[in-house]
Amino acid sequence: MSEPNTMPMIFDVEKIREDFPILKREVNGKPLVYLDNAATSQKPQAVIDCIVDYYSNYNANIHRGVHTLSQEATDAYELARRKIQNHFNIKFAEEIIFTSGTTHGINIVSNGFASILKAGDEVLVSAMEHHSNIVPWQMLCKKTGATLKVIPMNEDGVLILSEYEKLLSTRTKLVFVNHVSNALGTINPIQQIIEKAHTAGAAVLIDGAQACSHIKADLQELDADFYVTSAHKMCGPTGIGILYGKKSWLEQLPPYQGGGEMIKEVTFEKTTYADLPHKFEAGTPNVAGGISFGAAIDYLNEIGFDAIKAYEDELLAYATEKLLEIDGLKIYGTAKDKTSVISFNLDGIHPYDVGTIVDKLGIAVRTGHHCAQPIMDFYNIPGTVRASFSFYNTKEEVDRLVSAVSKAQMMLS
Ligand SMILES: *Cc1c(COP(=O)(O)O)cnc(C)c1O
């Protein structure tokens with residue numbers, strides 16, 4: 001997961017901020033401080049330009065046209081697939097299925113396993129999953145009679161691996177864990193989780209939606225069976241993402257949707273399916289999305305994931321220290337291995353009220369359960385205020401957050 005060949009570079013946050021036009025705007029008369037990066041990231045000019053260029057110059061339907069525009073669009077779309085392949089160190093390009101996002105990718109897999117799982121089989125999900133990595137598996141269990149079991153976590157928001165090992169057995173067929181928790185920021189030890197699952201004969205799906213903007217995952221090294229993510233969390237557009245699946249699995253799973261693009265031959269008696277990846281890519285895809293996902297990956301790699309991680313770690317440490325100086329502020333998610341997400345509450349104050357006041361001061365944070373209600377139930381809270389930092393945030397912005405939260409506390413207590 002490291003990048004041995006990147007040149008050391010000076011991290012110039014002010015220069016990076018110039019790449020993001022939205023960071024110049026004001027909200028409620030104050031300069032925007034955008035701290036909702038765990039929900040979606042902002043887009044650099046390079047990605048915006050890529051979308052405009054596609055629609056301005058070579059918009060066409062792909063894969064079936066002989067005309068020039070169609071060929072240019074197809075080449076650009078397939079080039080993006082190869083950029084994604086390189087980025088995640090994926091063995092075969094056809095192991096990458098373009099999806100509309102993480103949720104779609106998980107549903108392709110859960111739908112496919114409906115024909116594989118049987119009553120008595122077990123699937124394991126972690127206690128800190130996003131609803132999109134819980135609900136499809138519950139639906140699958142209902143259909144097949146398999147049982148869903150939960151890998152517990154401790155007060156720090158760290159999975160208890162000894163309990164995980166006890167849950168694994170020959171009945172375990174699938175394990176689903178996020179690489180990073182969107183509500184707590186915890187980086188899960190997925191390499192270990194995958195190894196242990198494989199020893200028990202189970203396949204693993206990793207939800208990488210929250211990890212992908214912070215960590216460059218090496219999918220051959222990790223040996224995950226499935227890995228899903230969304231472009232919009234990593235500086236790309238909404239409505240596009242990938243499902244990575246090992247070839248052997250993708251060949252085994254039935255298609256999710258029927259339609260154009262995913263067939264070899266159709267008669268009214270019978271249809272044969274297209275080869276990978278097209279078997280899972282029915283209909284006209286999000287061409288602009290795919291191409292600009294590639295541009296987002298180029299953009300992030302130009303900055304470099306080592307530089308991003310080092311800078312975000314520094315922001316996280318600074319923000320954690322400053323926020324904890326506020327009396328009565330409690331942070332949820334105190335794992336040693338964390339990305340730059342801070343979930344917190346002020347004693348006796350509803351998170352929604354804090355979020356509303358800081359928005360008046362131009363600061364965007366998330367409040368609520370963050371699509372992870374079981375985590376909120378674990379801590380017995382209605383929700384949290386979540387500030388999630390990106391490499392384009394600054395220490396000055398952290399200071400503005402801290403002073404806004406202090407102000408909210410004064411107004412609300
Ligand atoms: C955002 C997120 C999702 C859902 O992604 P979509 O783009 O909404 O499909 C799933 N899991 C985690 C951990 C996330 O952060």
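Here are a few things to note about the model shown:
- GNM top mover of Ile116, Ile108, Ile187 - the chain, alpha-carbon springs below 10 Å: Ile116
- Amide H contacts for Ile151 (H built 1.01 Å from N in the peptide plane; partners 5 or more residues away or on another chain; cut-off under 5 Å): Val125, Ser126, Ala127.
- In Hz, Karplus ³J(HN,Hα) per residue of the range 117-127 (6.51, -1.76, 1.60; θ = phi - 60°; x = Gly, Pro): 6, 10, 4, x, 5, 10, 10, 10, 10, 7, 6
- Sequence-distant residues sharing a close amide H with Lys338 (under 5 Å, placed H): Ile187
- Ellipsoid fit via the Cα gyration tensor, the range 254-400: semi-axes of 43, 21, 14 Å, each the root of five times an eigenvalue, largest first.
- Cβ-derived FRET efficiency at R0 45 Å, Gln45 paired with Ser115, nearest 0.05: 0.50
- Residue-normalised accessible area of the range 50-301, expressed per residue, 1.4 Å probe, Å²: 39 Å²
- Taking 17 Å as the straight-line reach from the Cα of Lys142, the aspartates and glutamates in range (excluding those fewer than 8 positions away in the same chain) are Asp121, Glu122.
- When the chymotrypsin sites (Phe, Trp or Tyr not before Pro) in the range 219-316 are filtered for DSSP coil states and for at most 13 other beta-carbon atoms within 10 Å of their beta-carbon, the remaining sites are Phe268.
- When shorter helices are ignored and each DSSP H run of at least 4 residues is given -39500 (n - 2.57), the per-residue value for the chain at 222 nm works out to -11500 deg cm²/dmol.
- Hits among lysines - C-alpha to C-alpha of Lys322 under 18 Å, sequence gap 8 or more where chains match: Lys330, Lys336, Lys338, Lys395, Lys407
- GluC sites (Glu not before Pro) within the range 198-295, DSSP loop, no more than 10 other Cβ atoms inside 10 Å: Glu269
- Taking only the Cα atoms of the chain, the ratio Rg/Rh comes out at 0.98, with Rh defined as the Kirkwood radius.
- Semi-axes of the equivalent ellipsoid for the range 206-257, Cα gyration tensor, largest first, Å: 21, 16, 6
- For the range 154-162, 3J(HN,Hα) per residue [Karplus equation, 6.51 cos²θ - 1.76 cosθ + 1.60, θ = phi - 60°, Hz, x = Gly/Pro]: 9, 4, 6, x, 10, 5, 8, 5, 5
- Residues whose placed amide H lies under 5 Å from that of Thr271, excluding near-sequence neighbours: none
- Accessible area of the chain belonging to carbon and sulfur atoms, whole % at 1.4 Å probe: 53 percent
- Distant alpha-carbon pairs in the range 141-286 (separation over 24 angstrom), percent: 44 percent
- Integer Hz, Karplus 6.51/-1.76/1.60 couplings in order for the range 314-323, x for Gly and Pro: 5, 4, 4, 5, 5, 5, 4, 4, 5, 5
The values are calculated or read from the model by the stated rules, or taken from the named source; none is laboratory data. Predicted model only: the values in this text are computed from it and were never measured. Note that we place each Cβ from the backbone using ideal geometry, even for glycine, and neighbour counts take in every protein chain shown. With ligands, DNA and RNA removed, areas are computed over all heavy atoms of the protein, side chains included. Shrake-Rupley method; radii C 1.70, N 1.55, O 1.52, S 1.80 Å.
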